[in-house]
Amino acid sequence: MSNIEFVRTEMLPEKEPPASTVGPIGWMRENLFNGIWNSIITVLFVLAIVWTVLSLLGWGIQPTWNAKSLSECREIIAATGYTGHSGACWGVINDRWLQLLYGFYPLDANLLSAVSGASAAEILADPRAHVATPIVMILGYWRLNLAIILLFVGLAPVLIERAPRKLLIVTVLFPFIDVWLMWGGSIWGPAMAFVGFVLGYFAFKILAPIAGTLIAVIMSAVVPIIWWLFLSGSAASIFAGSPIDLTLEPVSSRQFGGFFLSISIGVVAILGSLPLGIVLALGRQSDLFIVKALCVGFIEFIRGVPLITLLFVANNLLNIFMPPGTNFDVILRVMIMVTLFAAAYMAEVVRGGLAALPKGQYEAADALGLDYWKAQRLIIMPQALKISIPGIVSTFIGVFKDTTLVSIISLMDPIGLSNAIRANQEWNGIVWELYAFIALLFFVVCFSMSRYSMFLERKLQTGHK
Amino acid sequence: MSELATAREIDRSKMKVSDEVAIQINNMNKWYGTFHVLRDINLTVNQGERIVIAGPSGSGKSTLIRCINRLEEHQQGDIIVDGTELTSDLKNIDKIRREVGMCFQHFNLFPHLTILENCTLAPIWVRKTPRKEAEETAMHFLEKVKIPEQANKYPGQLSGGQQQRVAIARSLCMKPRIMLFDEPTSALDPEMIKEVLDTMIELAEEGMTMLCVTHEMGFARQVANRVIFMDAGQIVEQNEPEEFFNNPKSERTKLFLSQILGH
Ligand SMILES: Nc1ncnc2c1ncn2[C@@H]1O[C@H](COP(=O)(O)OP(=O)(O)OP(=O)(O)O)[C@@H](O)[C@H]1O
Ligand SMILES: [Mg+2]
């Protein structure tokens with residue numbers, strides 16, 4: 001038998017890895033040219049990508065930014081000697097981008113005439129002839145811009161940990177101020193709507209210790225509803241028109257449009273669907289049979305029906321259920337429908353997160369004496385929501401893109417507008433330029449949401465299980 | 001003979017069993033559906049007792065101690081904890097859960113909270129202790145279980161033994177009068193078992209009333225004042241540890257002991 005004894009007398013020093021396995025070269029060898037087939041596939045794909053990008057650039061890079069019509073575009077492209085199928089006509093974007101962003105929302109012509117010296121009538125006829133385009137965008141649509149800014153400021157303390165806590169005041173108030181900025185009229189309407197929430201809050205605070213959490217939750221919904229249905233209108237009209245009133249030019253919902261409309265509906269649906277989805281998911285797990293049946297029924301019904309159907313219902317059918325004479329705003333109806341739609345999906349996403357939690361978490365919370373609501377709020381939901389972040393954000397992105405369906409019920413979202421623009425003589429025949437612009441708008445927003453969710457997931461990582 | 005849980009002498013000066021009844025269980029029965037899992041359980045635990053519950057797998061040990069803080073509901077008989085009867089009245093359940101701490105086999109720490117937050121959560125939200133005071137108490141107990149330096153880490157960053165000690169500290173922060181342990185060491189590696197047992201021994205030395213489901217017979221011998229043997233949902237035998245181990249009466253107990261002690 002050979003001798004198997006071995007003793008190392010000298011320890012080995014550390015050596016550099018071979019150059020071909022590290023750095024960019026190593027990476028390429030590992031990932032792109034790892035074997036014959038891999039190399040062939042890599043080369044083919046690179047060629048395909050280069051070809052696609054080149055043809056797109058050939059189509060897209062055209063000096064047509066200032067053209068006033070499609071035929072002018074064609075002349076410009078022909079003059080360059082371009083030989084491809086067709087070239088992009090960017091004049092339509094130059095001409096209509098403000099409309100694609102803000103729809104038919106009325107410009108603040110008085111403000112623009114004050115800064116430019118041209119009369120309000122001249123401004124209305126052709127604002128960009130008298131005022132620089134960025135100024136038209138910033139000042140002409142200041143109400144919508146301010147609404148967006150307030151939205152971001154209001155969301156900051158929720159989304160960013162380091163944002164000052166004082167901004168939470170904006171978080172609470174911005175929905176009401178935004179409604180006032182967008183629709184105009186007396187500030188007392190939104191203010192009284194806000195009072196409803198305050199009443200609900202106090203109903204909960206007062207009832208929770210004496211009547212139990214469940215009763216308090218129910219009453220915190222009932223009290224505001226009674227207030228909104230029967231009292232807030234008359235309360236608002238007492239103050240409206242009084243010296244302590246702020247009014248803005250009223251704007252009707254049919255004038256809303258463009259990407260701003262998509263954002264409004266999307267933001268409402270996103271902000272509304274998460275809490276509603278959580279409630280539905282909890283209801284689905286409830287021991288109370290009626291609650292459970294209602295939640296399951298709602299979720300399955302809404303998920304089983306196409307969104308378009310719900311939008312048609314919102315547009316036409318809902319009026320049948322309303323008392324005659326009530327004017328229930330069409331955009332509000334659409335917002336409610338899209339929110340309900342998103343909430344049904346959200347409920348299932350959240351339920352997935354709840355199901356992923358080990359039973360021990362509930363037991364530990366119970367054993368420590370936390371009641372149901374505290375356990376949900378402090379232990380269960382933070383974890384379930386964290387698990388569900390990818391699904392939640394997917395649902396957000398999905399519902400945001402689904403807002404384009406409102407063009408079917410002739411609301412002027414970007415898709416609806418693109419049809420309207422194409423119906424114009426000058427731009428008849430334009431397709432891809434508009435879609436490319438709209439796609440870019442949506443991509444920026446959706447991609448940001450996606451990145452934020454990845455950031456959040458990384459931030460909430462607290463070590464392996 | 002099983003190994004000892006600790007090599008040192010146990011300090012019995014504060015381990016006093018008082019006359020005051022901590023837990024009283026009368027003719028308690030429980031079913032899972034039609035499966036009769038606990039049968040006619042009668043048990044009186046006095047304040048200061050250290051009880052070890054042993055028995056084969058599936059005999060209902062976990063179910064029994066989980067009935068004491070209402071993680072499981074019993075269907076017949078009474079359970080009276082610290083003078084409060086367990087009924088479906090939520091007020092009573094909350095009151096009892098505040099007085100009874102529990103440690104689980106898999107620790108069940110809250111992974112999204114730091115160690116310190118794990119320990120302060122219940123005092124702040126259930127006992128309404130001011131945050132500062134709750135944090136001081138938490139640090140006190142974390143020092144006691146010998147991991148104050150981990151206070152700002154997350155449970156996922158700790159070893160199993162450390163996590164179980166945190167779980168014990170978390171229960172102690174509620175200042176319970178009774179502690180329940182459900183196999184606190186059976187998910188741990190041997191070297192970690194010792195550190196958790198040491199913590200439990202210290203707790204016993206301070207006079208805590210403890211009910212402990214465990215297979216650590218060394219702990220039972222050295223610390224318990226009573227060992228209960230369960231089989232098929234019933235209490236088959238109970239006795240002082242010395243008698244229980246050296247002179248078991250029932251055939252089932254003898255069989256169980258021969259298996260677990262490897263005679
Ligand atoms: N939720 C449940 N539903 C139905 N049966 C259950 C449930 N939980 C436990 N059981 C059954 O009840 C019996 C007692 O379970 P229990 O967990 O109390 O046993 P145990 O003595 O703690 O066992 P182990 O040593 O394995 O932990 C077992 O037969 C088990 O299968
Ligand atoms: Mg068990």
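The values are calculated or read from the model by the stated rules, or taken from the named source; none is laboratory data. No experiment lies behind these values; they were computed from the predicted model shown. A quick note on method: Cβ atoms are made from the backbone with ideal geometry, for glycine too, and the neighbour counts reach across all protein chains shown. These accessible areas exclude ligands, DNA and RNA; they are computed on the full protein's heavy atoms, side chains included. Shrake-Rupley method; radii C 1.70, N 1.55, O 1.52, S 1.80 Å.
Here the range B:81-220 has an Rg and Dmax of 14.7, 43 Å, counting Cα atoms alone.
With contributions of -39500 (n - 2.57) from each DSSP H run of at least four residues, the per-residue ellipticity at 222 nm computed over chain A stands at -21000 deg cm²/dmol. Only protein heavy atoms count here; under a 1.4 Å probe, A:ARG96 has an accessible surface of about 40 Å². Annotation: the antiparallel percentage among DSSP beta bridges lying fully within the protein assembly as shown is about 55. Per-residue surface analysis assigns A:VAL46 an accessible area of about 80 Å², computed on protein heavy atoms at 1.4 Å probe radius. Its Cα gyration tensor gives chain B an equivalent ellipsoid; the semi-axes, largest first and in whole Å, are 29, 23, 17. Computed from the C-beta positions of B:GLU206 and A:TYR372 and an R0 of 41 Å, the FRET efficiency is 0.80 to the nearest 0.05.
Per residue, chain A exposes 57 Å² of accessible surface when a 1.4 Å probe is rolled over the protein heavy atoms with every protein chain present. Here the range A:88-221 has 75 percent of its accessible surface on carbon and sulfur atoms, given a 1.4 Å probe and all protein chains in place.
In whole angstrom, how far apart do the alpha carbon centroids of the range A:313-379 and the range A:248-272 sit? A separation of 22 Å, based on Cα centres.
When nucleic acids and ligands are ignored and a 1.4 Å probe is applied, A:LEU168 ends up with an accessible area of around 70 Å². For the range A:367-407, a reduction of at least 20 Å² in accessible area between the chain on its own and the assembled protein chains (probe 1.4 Å) is found at A:ALA367, A:LEU368, A:GLY369, A:LEU370, A:LYS374, A:ARG377, A:LEU378, A:ILE379, A:GLN383.
When the Kirkwood radius is taken over all Cα pairs of the range A:353-410, what Stokes-Einstein diffusion coefficient follows at 20 °C and 1.002 mPa s, in µm²/s? This corresponds to a translational diffusion coefficient of 159 µm²/s.
Shielding of peptide A:359-365 by partners, expressed as the average count of other chain Cβ atoms within 10 Å per residue Cβ, is 6.
Chain A and chain B together bury an accessible surface of about 2000 square angstrom, both sides counted, with a 1.4 Å probe and no ligands or nucleic acids included. Shown is the FRET efficiency for A:ALA240 and A:THR133, computed with R0 = 35 Å from the Cβ-Cβ distance and rounded to the nearest 0.05: 0.45. Label sites at A:ILE61 and A:MET449, each approximated as a point 7 angstrom past Cα along Cα to Cβ, lie 3.4 nm apart.
Over all pairs of different C-alpha atoms, chain A has a mean inverse distance whose reciprocal, the Kirkwood radius, equals 27.1 Å. Taking amide hydrogens as placed 1.01 Å from N in the peptide plane, the amide H of A:ILE187 sits under 5 Å from those of A:LEU246, each at least 5 positions away in sequence or on another chain. Peptide B:105-118 shows a mean partner chain C-beta count of 4 within 10 Å per residue C-beta.
When the Cα gyration tensor is reduced to axis lengths a ≥ b ≥ c, the ratio a/c is 1.5 or higher for the range B:33-86, and with a/b not above b/c it is classed as oblate. Can you figure out the FRET efficiency of A:LEU456 with A:ILE218, using R₀ = 35 Å and their beta-carbon distance, to the nearest 0.05? Here the calculated transfer efficiency is 0.60. Across the range B:1-152, the mean sequence separation of Cα contacts (distance under 8 Å, 6 or more residues apart), normalised by length, yields a relative contact order of 17 percent. Taken per residue, the accessible surface of the range B:165-263 reaches 37 Å², heavy atoms only and a 1.4 Å probe.
Taking 0.36 nm per residue of sequence separation and removing the Cα-Cα distance, the B:GLU73/B:ASN246 pair yields an extension gain of 58.7 nm. Under the criterion of Cα pairs below 8 Å and six or more residues apart, the relative contact order for chain A equals 15 percent. Using a cutoff of 8 angstrom between alpha carbon atoms and counting only pairs six or more residues apart, the relative contact order for chain B works out to 28 percent. Here the sum of -39500 (n - 2.57) over DSSP H runs of 4 or more residues, divided by the residues of chain B, equals -11000 deg cm²/dmol at 222 nm, to the nearest 500. Over all pairs of different C-alpha atoms, the range A:328-465 has a mean inverse distance whose reciprocal, the Kirkwood radius, equals 18.2 Å. About its Cα centre, chain A has a charge dipole of approximately 720 debye under the convention of +1 per Lys or Arg Cβ and -1 per Asp or Glu Cβ, with nothing else charged. For the range A:163-256, the C-alpha radius of gyration sits at 1.27 times the compact-globule guess of 2.2 N^0.38 Å, with N the residue count.
The alpha carbon gyration tensor of the range A:1-152 gives principal lengths a ≥ b ≥ c with a/c of 1.5 or higher and a/b no greater than b/c, which makes the shape oblate. Absence of a disulfide-compatible partner, taken as no other cysteine beta carbon within less than 4.7 angstrom, is noted in chain A for A:CYS295, A:CYS446.
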